[in-house]
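**Student:** Here's a structure for you.
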Amino acid sequence: MSVQEYLDKHMLSRKIEDAVNAAVRAKTPDPVLFISNHMKKAVSSVITKVKARQILDSRGIPTVEVELYTNKGVFRASVPCGDSTGMYEAVELRDGDKGTYLGNAVTKAVKNINEKISEALVGMDPTVQLQIDQAMIDLDKTEKKSELGANAILAVSIAACRAGAAEKEVPLYKHIADLSGKTNAILPVPAFTVISGGKHSGNSLPVQDIMILPTGAVRFEEALQMGSETYHHLKAVITEKYGANGCNVGEDGGFVPDISRQVLPLCLTILVFHIIDQRTLPLTPVREGLDIVREAIGRTGYNDKIKIGIGVAATDFCIGTKYDLEFKSPNKSGQNFKSGEDMIQMYKDLCIDYPIASIEDPFDKEDWEHSKRFCGLGLCQVVGDDLLMSNPKRIERAIHESACNSLLLKINQIGTVTEAVDVVKMAKEAHWGVVVSQRFGETNDCFIADLAVALGAGQIKAGAPCRGERVAKYNQ
């Protein structure tokens, strides 16, 4: 085929002429670059290749990274990993070979992307997110994405979303907002983890984390400053009370001081009840943690502008129908083995004594009755994490039963951008709050920051104002 025949076949002559005319009108100093860019815009973007590899997350555990190619560029995404997988969430595909990364390698998920997903998506328009995500769901054919792996599907979904934004020449958050039908994106309130407990620390704090929420900040920049300053004041408080070792941090940057005080002996408790309000006793590890956070807030001078949140993760210490608040203690007193009603009373007392604005997973993931009762008190935001697992069916039930009033969205629990947008719509239609959340195994990918802004989530939980993979989200 001659050059002229090739030009005629693809109707390039007219397109080149239009590009040259545009360059002349623009009086561009670099006509070659101008014409090149003009020609790129004249051609619709399509996916040309999808290439995956195995990388390590913030804990040194393998996860999936993807590069999605279009004729306009290369777009990268990597996915976070949770510390555990619930029965109601999408399945993260791992190799299971204990001789390699202790069974955590993701080469099967990588292979699925390179050999199956890539073939299915090549030639598709990256702006049609719904069609791309549906193509992967159809290819998988399982309810929980266990064939291809939710980690494989989500990585490609996020990379495609970035490619779509580039094709439209808009910021990522604006493209996601367009996909969701929203017109006004808003910046969220950051929920900074400042103390880690539960299964993520060696102290006796039973709850998973204590957070601060700068609800009084006018701008996100101001909220970030408040969070950082409080975090560093807390470091000083912990150093004074527990020594420098107390300032070691957990996986998401929260401090892990040796909060280990036990309840008062029963005879002393009875004696002191006659002197002090019963509600202030005993001095539990939870109250000890809240006290040092409140002291740090007091040192910043932001008392009226910062609220406290508690991530309980009660499923971790629920035994049957009881809750063992001493599940990490080698010397159990037996006085902290509580019923659901006891837990409700404890939360009520804490909400009276501390500026608590949010409690996450106050009960076991199957304890719908006590979740409903506590939420009905209207004391604070009640966030569903293990209760919901970002699962549409669980969310629908929680809405129907009024078991919580806020969704903790973890995108890898559901597996695609489209499905994440849909569950947020469900929550918002029920007038719930939405908290877009990190996972304990994170990467430097800051997609959830754009997602939180685009969907008007109102809150983002990305960990402490410390550690690069956490701060990347707040900086974005």
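The values are calculated or read from the model by the stated rules, or taken from the named source; none is laboratory data. Quick caveat: nothing in here was measured; it's all calculated off a predicted structure. Cβ coordinates were reconstructed from backbone atoms using ideal geometry, including for glycine residues, and neighbour counts include every protein chain displayed. These accessible areas exclude ligands, DNA and RNA; they are computed on the full protein's heavy atoms, side chains included. Shrake-Rupley method; radii C 1.70, N 1.55, O 1.52, S 1.80 Å.
**Student:** May I ask you to verify whether Glu469 is in contact (Cβ under 8 Å) with a residue 60 or more places away in the chain, closer than 21 Å to Glu143 by Cβ and not basic (Lys, Arg)?
**Tutor:** Here the answer is no, as Glu469 does not meet what is asked.
**Student:** Would you pick out the residues in segment 424-442 that are touching a helix residue (DSSP H, G or I) at 6+ places or on another chain (Cβ under 6 Å) and either of a type in the set (D, E, K, R) or open to solvent by less than 10 Å² (accessible area, probe 1.4 Å) (or both)?
**Tutor:** Once the filter is applied, which keeps residues that are touching a helix residue (DSSP H, G or I) at 6+ places or on another chain (Cβ under 6 Å) and either of a type in the set (D, E, K, R) or open to solvent by less than 10 Å² (accessible area, probe 1.4 Å) (or both), segment 424-442 yields Val434, Val436, Glu442.
**Student:** Please tell me if Ser402 is at pLDDT 95 or above, open to solvent by less than 10 Å² (accessible area, probe 1.4 Å) and of a type in the set (Ser, Thr, Tyr).
**Tutor:** The answer is no for Ser402.
**Student:** List pairs: first residue in segment 238-259 and within 17 Å of Phe192 (Cα to Cα), second residue basic (Lys, Arg) and open to solvent by 70 Å² or more (accessible area, probe 1.4 Å) anywhere in the structure, Cβ distance under 9 angstrom, at least six positions apart or on different chains.
**Tutor:** Taking only residues 6 or more apart or on different chains, the pairs are Cys247/Lys235; Val249/Arg467; Glu251/Arg467; Asp252/Arg467; Gly253/Arg467; Phe255/Lys235; Pro257/Lys241.
**Student:** Take segment 223-257 and flag every residue that is among the aromatic types (Phe, Trp, Tyr) and either within 19 Å of the chain's Cα centre (by Cα) or closer than 14 Å to Arg467 by Cβ (or both).
**Tutor:** Result: Tyr231, Phe255.
**Student:** To continue, here is another question. Could you list, in sequence order, the residues of segment 371-386 that are farther than 19 Å from Leu290 by Cα, touching a helix residue (DSSP H, G or I) at 6+ places or on another chain (Cβ under 7 Å) and open to solvent by less than 10 Å² (accessible area, probe 1.4 Å)?
**Tutor:** Across segment 371-386, the qualifying residues are Phe374, Gly384.
**Student:** Out of all the residues in segment 429-457, which are in contact with a Gly (Cβ under 7 Å, 6 or more places away or on another chain) and assigned to a loop (DSSP other than H, G, I, E, B)?
**Tutor:** Residues satisfying the conditions are Gln438, Arg439, Phe440, Asn444.
**Student:** If I ask for residues that are within 20 Å of Leu290 (Cβ to Cβ) and under 26 Å from the mean Cα position of the chain (by Cα), which ones from segment 351-370 would you list? Walk me through how you get there before you give the answer.
**Tutor:** Going residue by residue through segment 351-370, those that are within 20 Å of Leu290 (Cβ to Cβ) are 351-363.
Matches in segment 351-370: Cys351, Tyr354, Pro355, Ile356, Ala357, Ser358, Ile359, Glu360, Asp361, Pro362, Phe363.
**Student:** Can I ask one more? Could you tell me which residue of segment 391-423 is farthest from Ala152 (Cα to Cα), considering only residues that are assigned to a strand (DSSP E or B) and in contact with a helix residue (DSSP H, G or I) (Cβ under 8 Å, 6 or more places away or on another chain)?
**Tutor:** We begin by selecting, within segment 391-423, every residue assigned to a strand (DSSP E or B); these are 406-409.
The next check asks that each one be in contact with a helix residue (DSSP H, G or I) (Cβ under 8 Å, 6 or more places away or on another chain); those that pass are 406-407, 409.
Values: Ser406: 28, Leu407: 24, Leu409: 19 Å.
In this case the residue turns out to be Ser406.
**Student:** Look at segment 211-262 and say how many of its residues are open to solvent by 50 Å² or more (accessible area, probe 1.4 Å) and either part of a strand (DSSP E or B) or of a type in the set (Phe, Trp, Tyr) (or both).
**Tutor:** 2
A quick yes/no check of all residues on (1) under 24 Å from the mean Cα position of the chain (by Cα); (2) open to solvent by less than 10 Å² (accessible area, probe 1.4 Å); (3) β-branched (Val, Ile, Thr):
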site	(1), (2), (3)
Leu102	no, no, no
Lys116	no, no, no
Ile132	yes, yes, yes
Glu143	yes, no, no
Ile158	yes, yes, yes
Gly164	yes, yes, no
